[in-house]
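Values in this text are rule-based calculations from the coordinates and carry no lab data. As the structure is a computational prediction, the values presented were derived from the model and not from experiment. Note: ideal-geometry Cβ built from the backbone for every residue, glycine included; neighbour counts use all protein chains shown.
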Amino acid sequence: MSTESISVIVRCRGRNERELQMKSPVVVRIPDQPGANQVSVNTSQDFITSQVADTRVYTVDQAFGPAADQTVFFRDVGLPLVSEFLRGYNCTILAYGQTGSGKTYTMCGDISDKEPGREAGLVPRVLCKLFECVDDDFMIKCSFVEIYNEELKDLLGDTKNARLRIFERKNSSGNGIRIDGLEEHHIRKAGEGLELLKKGLERRQTAATKMNDLSSRSHTIFSITLIQKKTDSEYQYAKMNLVDLAGSENISRSGAINQRAKEAGSINQSLLTLGRVINALVDKSSYIPYRESKLTRLLQDSLGGKTKTVLVANISPAGVDTQATTSTLEYATKAKDIRNTAQIGPLISDKVLLKELVDENYRLKLDLKATRNKEGVYLNESNYNELMINYKNLTSETEELRRQNELLTMQANENTHLLEDERKEKLKSIQSMKVMEERLSQLESALESQRSREMNVIKLTQQVIEHCNQESEEMIKSQNRYQKKLNEKLEELIMPVMQHVARSTQNDNDFGVTKLAERISEQLQAIGKEQQLLTNRILEKTEELRSFRSELDKVFAELKNQLGLLRSGISESQNNDTKFDRYLRNVFDDKPIVRNVTTESEKMIEDMKSQLVSQFSQFSKKLTQTTIEMVLNSTREKISEEQTKWIRKNSTLAETLADRNAKVLSSVDQCATSLQSHLEANVGYLNYQKAKLANLNNSVAATNTDVAEQSEKQNKVLRSYASLQSSNKELESTMGQIKESLSNLHEVLPPLKSQKTVPGLPELQKLINQPLGESKNRKTPHSSPTKRALPQPSSEKRRHTQQSK
Ligand SMILES: Nc1ncnc2c1ncn2[C@@H]1O[C@H](COP(=O)(O)OP(=O)(O)OP(=O)(O)O)[C@@H](O)[C@H]1O
């Protein structure tokens, strides 16, 4: 069997209002991270001026700072214990710390809601978790006991001042320590447990206010008993004690009693003994003083027993509480050394259970009998005295209440008729409100109809715009068609001309024609550009129409928005009226005295309200009308303006188109005329050329005749030339003969060689040696029949000849 230490948790809250007002510094530091287990406390006397920090560090199992909320705390501390509890272990959670450190906050927290909220503490969360996990085999019971001045009080008991006694009984269902007379309530859902907790805390609270801050000096134990059916005849018991201890400020570290506490007589025996028990357990003393206080007796099994125990040490972070904080932390770290031997409880048979119940029943019967025999209700002296004090208190309270009741009845009587008047007034105002409401609803319906009218206007405008768009598109289309036709027509007209021009240009490099062609193509380009401009303008116009349409949409959206605002204003005013009405009703119904005082102001408010409402309705009417008129006028103006613009632009467009067309047609006509004249000129020129050619042919024919004559003449010349040549030959042969005769003569006449040259002979010689033609030429240069080249016809003449051929 293994032992384990009590688990010690430190929880430090944030500074409260009082500490903030006192400007008390934070002296406690806990690392803000999961799994933190160290708490540092700066114990310097003068925290601000002290140069050296006197810090004490305490190591525990887990430490939570102000950032850890209830959810985190339950997740890390409560939940693991709930699982152990469900497994059959007895469990205890003890909240320890000075007053105001957060013990009750940790154990109970906020339980004002039916379901545990964000601020709910361990008890409500444990109850909820348990009911999430159990089924029909479980039974859960709850009890709630308070220990004050070593007296036990059942916070859930129906019998007031019922005497509770602790008794020890060896049984199989636990440690045997039981509270005789303590009522245990069977609960079927968490809500029932929460109700019991609330009831108990309320009782404790009432007592606390009466008995001077009892809460900080009493201990409470909320116990949950879990009975689990293990087999058909066997059950298992487990008990969880959730203990909210008294404020620990009166107990010093050693467990001795604070002097002031002694003087005030507020010695807390149970807390004192708890400290001693812890010391004894840590010191492994042979005697553990469990029996010296009610608390330690009840928690005997949780301290050094078979229970799984968690001690939560709640501390304040402020410097003003340093001493209490260190004391709590030392107490807690000491408790960390207590070792428990946690065990799952044994199974109990149904027979044993039944026997125990029968025994208890028998004992209770005996108690009842003994009480009856004493002929009255048995009370010990202190209970009797307490009862008497309570009785006196109650009597004086009753007297006070009676007086108050009389006063209130008088006031009520005085105020009844006022109330009646008030009610009548109220009814009137309600009626006027109804009238107003009706008016408002009328206004709303008027607004609705106006809205539908506007919707119609929007629709119509949209249709107009749609129509305009269609028209413009149609225009563009027809424009395109027209353009196409025009182009075709132009092509039809110009193509042959162009072809002709091209041909002419090929044949004859006539610059006039080329220029004309260029001009035509330029004009065509200009027309194309004009056409493009026209198309662009139409597109611009369409774009303008589109933007106008979007503007119109915006205007309508704005209108809708304004109407919405108007409507919400109306409904708000209605709401306000209803709220105000409800408020007035509450005030007057609950406190009739206030009614008197506020009647006048209510009237004034009522008047003001009605004035305001009428003003508002007038204003809203006006506003609506004005807005609607404004929007309609502006819409109408815009539409008519756009229509005028559109018509003007259309007519301008049509005029421009007609103008352009006329221009195009006239330029085409011009082109055609000029082409015609050019053609005519060309034809004339051709005719002229033809005539020229005919003349040329004639002249060629004449030249041919001349040539024939000339060739005839030439032939004649040639013939005479041939005869000349033959006579020349004859002459040459004659000359040869003469030369021969001359040489013969020379031979015959040798003596003459030395003689002087015969006069005339060298000339004769020269003449004989000279070629025949040359001598003749020299003699008759102009008439000599020398060789002459044949006269050649000129190239021009040749061409003409060829052509004519
Ligand atoms: N961790 C916390 N977070 C937020 N508020 C807290 C925390 N701890 C305590 N408080 C607040 O501090 C105030 C005092 O807490 P609480 O009543 O629980 O102290 P206590 O130790 O039970 O005092 P007492 O011993 O007098 O009963 C409460 O208003 C509580 O809401």
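Neighbour counting of Cβ atoms within 10 Å sorts the residues 154, 669, fewest neighbours leading, into 669, 154. Near residue 663, once Lys and Arg are set to +1 and Asp and Glu to -1 for all other residues with Cβ below 11 Å from its Cβ, the sum equals -2.
Here the peptides 24-31, 450-457, 308-315 are ranked by packing, the mean other Cβ count within 10 Å, and the order with the highest first is 308-315, 24-31, 450-457. Placing dummy labels 7 Å off each Cα toward the beta-carbon, the span from residue 655 to residue 537 is 1.0 nm.
Under the simplified labelling scheme, the residue 466-residue 199 pair shows an inter-label distance of 7.4 nm, with each label point 7 Å from Cα along Cα→Cβ. Near residue 98, the amide H atoms lying under 5 Å from its own belong to 248; only residues 5 or more places off or on other chains count, and H is placed 1.01 Å from N. One decimal place: the segment residue 704-residue 83 gains 209.1 nm when fully extended, by the rule 0.36 nm per residue minus the C-alpha distance.
Among DSSP beta bridges lying fully in the stretch 4-345, give the percent that are antiparallel, nearest 5. Taking every DSSP beta bridge within the stretch 4-345, about 70 percent pair in antiparallel fashion. Between their Cα atoms, which of 129/365; 114/308; 103/365 are more than 31 Å away from each other? The answer is 129/365; 103/365.
Amide H contacts for residue 120 (H built 1.01 Å from N in the peptide plane; partners 5 or more residues away or on another chain; cut-off under 5 Å): 110. Taking the number of Cβ atoms within 10 Å of each Cβ as an exposure proxy, the fewest-first ranking of 185, 219, 467, 678 is 467, 185, 678, 219. Listed peptides 4-12, 651-659 appear in the order 4-12, 651-659 once ranked by packing, highest mean of other Cβ atoms within 10 Å at the front. Computed extension gain for residue 72 through residue 647, at 0.36 nm per residue and net of the alpha carbon distance, reaches 199.2 nm. Computed on the stretch 4-345, with alpha-carbon pairs under 8 angstrom and 6+ residues apart, the relative contact order is 28 percent. For residue 180, the residues whose modelled amide H falls within less than 5 Å of its own, excluding neighbours fewer than 5 places apart on the same chain, are 165, 166, 167. If you wrap the tightest convex hull around every Cα atom of the stretch 4-345 and split its volume per residue, you get 142 Å³.
Computed from backbone phi, the HN-Hα couplings of the stretch 448-465 come to 4, 5, 4, 4, 5, 4, 4, 4, 4, 4, 4, 4, 4, 4, 4, 4, 4, 4 Hz, rounded to whole numbers (Karplus: 6.51 cos²θ - 1.76 cosθ + 1.60, θ = phi - 60°; Gly and Pro given as x).
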